[in-house]
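The values are calculated or read from the model by the stated rules, or taken from the named source; none is laboratory data. Keep in mind that this is a model prediction, so the values were computed, not measured. We place every Cβ from the backbone using ideal geometry, glycine too, and count neighbours over all the protein chains shown. Quick note on the areas: whole protein, heavy atoms, side chains included, nothing else; ligands and nucleic acids left out. Shrake-Rupley method; radii C 1.70, N 1.55, O 1.52, S 1.80 Å.
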Amino acid sequence: MHGEDGSSDKTTLPVENTEPLLRNRMQGPMRVAEVLVNAFSDPTKQRTPPSSRKTQHVRLITIGISHFCEKVRWGLDLIESDPDSALYYTEDAHAPGLAAFSTTDASNNTASATPMVVYEKTGEEVVLVDSAMILQELCPFLYPARYKDDILALEERLGRELGPTVRCLCYHYLLDPDHFDLLSNLCTANTSKVESILFKKMLPQGLDKGMRKSMGINAESAKDSRDAILKIFAEISDRLHGKTYLFGDVFTAADLCFAALVSPFLLPPELASMMGFHKLQDLPLGMRELYDQLIDTPAAQHALRMYELHRFGVLENPTDNSNLTKLVTPKSVSQDIFPLKSILAVCTVFAATIAIHFLKK
């Protein structure tokens, strides 16, 4: 392939932002899926405010398994845990591909990417897309003035070179038919029942190929992605030499960004519930090998340490030395609006009855 300037580029790294799945590109099965999702779920439901102080609601639209979405989820958890902040949020989680029904609706068909946040500001509805933009807008405290330019530069680079490569490599292994059950469980852990059923049915019927195409996933891009990940881990490890944080002596967006983007294969114990309590041995061999190669590096240990110290709204080093691991749980509500199992059972029987009737003719 070639770089933007037309020069030769030996790598095939995937891009951060994939081609939008806007409504004009939704055809056939996706149109049917949208009708079913709209009929049996309501993604706009909100949580009850956790306290009387929490008066500003944010809707966070995610692909639940996405590390870019985990980055924003982490930031919003920090805000909500602050007693002086009026903000609280509800996560609207979806499976890959099916998230476009919510994002295109929320953005008036101008964007389909996640994470996306929707909230009111001075009486006007605001829609933000892109994890870096969202974090910078809603979590300015993660960008201390002294280091802000350097933090922004590193965040941009990690978003461009680390986020897409981790996504590419992990999906490359998980999109193997032998791992479809695992992938389905991971992708639908916190979605509506109708999306869970649809994703599992659609995945082997062409959705897998669509995901590979849209994210530029193939054997060559996976190999280049692995090389890029190893390079960045080496650089972060060097940067951390003798340091607790990437910039100064405080937790910043740089630490959060790096830790979140590498979480899919490092499996921080705090994310166990978000990963359906799957363990390392459940993952494809390629992901386990990457884990084994990187887990003892300073960069990997830093990421896990950031989860331990700062994932639950602790912006300073905690004094509690408890060995109990806290678990991140989605701040969401059930999106289901009908007794889906009963309705689907009736529809299945009805369809089978019709099929038998015509077969007898």
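By what distance, in whole Å, do the Cα atoms of region 47-100 stretch along each of the three principal axes, largest value first?
Per principal axis, max minus min of the Cα coordinates gives 36, 19, 11 Å.
Relative contact order, percent, of region 168-292 when contacts are C-alpha pairs under 8 Å separated by at least 6 residues? Could the numbers behind the result be given before it?
Numbers: 73 pairs, mean separation 40.6, N = 125.
Value for region 168-292: 32 percent.
Simple spin-label model, 7 Å along Cα-to-Cβ: R25 to F141 in nm?
3.8 nm
Gain in length, V35 to K201, computed as 0.36 nm per residue apart minus the alpha-carbon separation, to one decimal in nm? Spell out each step's value before the answer.
Numbers: separation 166, 0.36 × 166 = 59.76 nm, distance 1.56 nm.
Net length gain for the segment: 58.2 nm.
What is the spin-label model distance, in nm, from Q281 to E156 if the labels are put 7 Å beyond Cα along the C-beta direction?
Here the answer is 4.6 nm between the modelled labels.
What pairs in K201/K223; K71/K279; K45/K201; K148/K193; K54/K148; K45/K121 have C-alpha atoms more than 31 Å from each other?
Numbers: K201/K223 29 Å; K71/K279 21 Å; K45/K201 26 Å; K148/K193 42 Å; K54/K148 28 Å; K45/K121 19 Å.
Beyond 31 Å between Cα atoms: K148/K193.
Within 10 Å, count the other beta carbons around each residue, average over each peptide in 185-193, 145-153, 35-43, and list them highest first.
Working: 185-193: 22.3, 145-153: 13.9, 35-43: 17.7.
Highest-to-lowest ranking by the protection proxy: 185-193, 35-43, 145-153.
Could you look at region 111-189 and say what percent of its accessible area is carbon and sulfur, using a 1.4 Å probe and all protein chains?
On the way: 1660 of 3490 Å².
Ligands and nucleic acids excluded, carbon and sulfur give 48 percent.
In nm, to one decimal, how far is the modelled label at N218 from the one at S51, with both set 7 Å along Cα→Cβ?
Distance between label points: 5.4 nm.
A272 to D227: extension gain in nm, 0.36 nm per residue of separation minus the Cα-Cα distance? Let's see the in-between values first.
On the way: separation 45, 0.36 × 45 = 16.20 nm, distance 2.70 nm.
Stretched out fully, the A272 to D227 stretch lengthens by 13.5 nm.
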